[in-house]
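These notes concern the structure reproduced below.
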Amino acid sequence: MTPKTFKIKSFGCQMNVYDGERMAELLGEQGMSAAAESEDADLVVLNTCHIREKAAEKAYSDVGRLRREDGSKPLIALAGCVAQAEGAEAKRRSKMIDIVVGPQAYHRLPEMVAEASHGARPVDTDMPAISKFEALPQRRRASPSAFLTVQEGCDKFCTYCVVPYTRGAEISRPWNDIVAEAHSLVDAGAREIVLLGQNVNAWTDDTRGLADLIRALAKIDGLERIRYTTSHPADMTDQLIAAHAEVEKLMPYLHLPVQSGSNRILKAMNRSHTTETYLATVEKMRATRSDIALSGDFIVGFPGETEQDFEETLQIVDAVRYASAYSFKYSPRPGTPAAVMEDQITSDMMDDRLQRLQARINGHRLAFNRSTVGVDTQVLVERRGKRERQMIGRSPWLQSVHVETDAQPGDIVEVTLVAAGPNSMSGAERQKVAA
């Protein structure tokens, strides 16, 4: 029986969110409608992430929870990076899984659903260079802030990371395709576009780089804001840094993962930067755009990490004064060099270091938020809050801002930031900006 309703559950990174949106569009083009809950769906797509330990086990647990009380189940598609890593093995591990589709093959999802509806159990984990984007429909609906994938894959081969194996080599989408999709997103309601890539600042098209692309997108009428993530320090060019001062629509926010403050650990991670080159990039960025909000990623407990190595990580946190940051315990991934390194760190030690790191990060985040109290700025309204007339949006520095207003999602309002919390700001409306 051909499914009439679907539910897509995306886990992990923003690129998975983008992929989930695109799969929903593909299924919608087939006449299917989105269900509110998995229990109501004829088809459930689990769009998985493989970046953390036991990701596959979690995916199979999620599959098991889809069995209904009467013993029936929806059609189940395992998608994303776990699907890529597990391949046909997924079907052997769980008879409930009907479809296995990797992140580079999901443009075939409607075809695979049709096959599964007739009893087949298709698997597609091929990794063609760019063909999936050519098969995706035009964007017809967009949230106020919309994702747009411009680059996929990674050639960096950090010793802890599975991305080169689950997403493939670095590829860049063609210039014209990206510009066309950006226009479609703006026509569909987007006022901000977030350019995505595993190494987004590695995007290139002949002699043009990400800075050139940003300058071109900034000319689109109706597009008010541009962001990009995730950047690699090795690909942070002078041209891209300069764009932050010269392109008004490019927001003063940069996510630039460092992972560790220890050069010894960075070398073991196969990161191509040192603390010195990273801090030099930060200094250059701040000299170019003094109000830049910096974000980062950190891994604690990498094999062989000593207390001195960890102290050096705390030192770089203090040196940069991050407005926000993501921090994780090291998680061994099968098939990566780090998984078989000696001197694996105990879980208790990782827990202790993570708590200390997060306390330091949280202190800097609160200090950054407090430094913006009294600032007049603009907030892009994204959704309704819990209280009457309360709306939630984002400042240029990606802060979550609560404001009482009659503005609607997609509106941009002039506000004064009046109070700071550890995770959000309060704003007082001054006026709504004309669309």
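The values are calculated or read from the model by the stated rules, or taken from the named source; none is laboratory data. The shown structure was predicted, so the numbers you read here are calculated from the model rather than taken from an experiment. Backbone-built Cβ (ideal geometry, glycine too); neighbour counts: all protein chains shown. In case anyone asks, the SASA skips ligands and DNA or RNA and just uses the protein heavy atoms, side chains included. Shrake-Rupley method; radii C 1.70, N 1.55, O 1.52, S 1.80 Å.
Over the C-alpha trace of segment 151-246, radius of gyration and Dmax come out as 13.8, 43 angstrom. Scalar couplings 3J(HN,Hα) for segment 419-424, obtained by applying the Karplus form with A = 6.51, B = -1.76, C = 1.60 to θ = phi - 60°, are 7, 10, x, x, 10, 7 Hz; x denotes Gly and Pro. With the convex hull of its Cα atoms as the shape, segment 358-435 has an orientation-averaged projected area of 4.9 nm². Bridging of Lys249 to lysines at a Cα separation below 24 Å is possible for Lys219, Lys284, Lys432, once same-chain residues fewer than 8 apart are set aside.
Considering only DSSP beta bridges whose two residues both sit in the chain, what percent are antiparallel, to the nearest 5?
Beta bridges within the chain, antiparallel portion: roughly 40 percent.
Plainly put, segment 78-199 has a radius of gyration that is 1.02 times its Kirkwood radius, both from alpha-carbon atoms, as the Rg/Rh ratio.
The string of couplings for segment 33-46 from the Karplus curve (6.51, -1.76, 1.60, θ = phi - 60°) is 10, 6, 9, 5, 10, 4, 5, 9, 9, 7, 10, 10, 10, 9 Hz, one whole number per residue in order, with x for Gly and Pro. Summarising the amide proton neighbourhood of Gly421: residues at separation of 5 or more, or on other chains, whose placed amide H is nearer than 5 Å comprise Ser426. Across the chain, C-alpha contacts under 8 Å between residues 6 or more apart give a mean separation that, scaled by the residue count, equals a relative contact order of 10 percent. Note on Lys7: lysines with a C-alpha under 29 Å away, same-chain residues under 8 apart excluded, are Lys54, Lys58, Lys73, Lys91, Lys95, Lys132, Lys386.
Could you state the per residue volume, in Å³, of the convex hull enclosing the Cα atoms of segment 329-380?
130
Taken about its Cα centre, the chain carries a charge dipole of about 640 debye when Lys and Arg each add +1 at the Cβ and Asp and Glu each add -1 at the Cβ. Classify the chain as rounded, prolate or oblate, taking a ≥ b ≥ c as the square roots of the eigenvalues of its Cα gyration tensor: rounded when a/c is under 1.5, otherwise prolate if a/b is larger than b/c and oblate if not. In terms of gyration-tensor shape, oblate. At 1.4 Å probe radius, can you tell me the per residue accessible area of segment 1-143 in Å²? On a per-residue basis, 47 Å².
Ellipsoid semi-axes for segment 191-336, based on the Cα gyration tensor and the rule √(5λ), read 30, 16, 13 Å when sorted largest first.
Kirkwood analysis of segment 1-97, using all unique Cα-Cα pairs, places the hydrodynamic radius at 13.6 Å.
Specify which residue in the list Pro144, Pro164, Cys154 is farthest towards the positive end of the charge dipole of segment 127-172, using unit charges on the beta carbon of Lys, Arg (+1) and Asp, Glu (-1), about the Cα centre. Of Pro144, Pro164, Cys154, it is Pro144.
Which one of Gln198, Thr277, Ala242 is farthest out on the positive end of the charge dipole of the chain, using unit charges on Cβ (Lys, Arg +1; Asp, Glu -1) and the Cα centre as origin? Result: Gln198. Under a 5 Å amide H cut-off, with hydrogens placed 1.01 Å from N, Ser272 pairs with nothing among residues at least 5 apart or on other chains.
Ignoring any ligand, DNA or RNA, what whole percent of the accessible area of the chain comes from carbon and sulfur when the probe is 1.4 angstrom?
Values: 9150 of 18920 Å².
Answer for the chain: carbon and sulfur cover 48 percent of the accessible area.
Isolated cysteines of the chain, defined as having no other cysteine beta carbon under 4.7 Å away, are Cys13, Cys49, Cys81, Cys154. Segment 74-92 and segment 97-160 have their alpha-carbon centroids 13 Å apart. Annotation: lysines with alpha-carbon distance below 22 angstrom to Lys267 (same-chain offsets under eight excluded): Lys156, Lys329.
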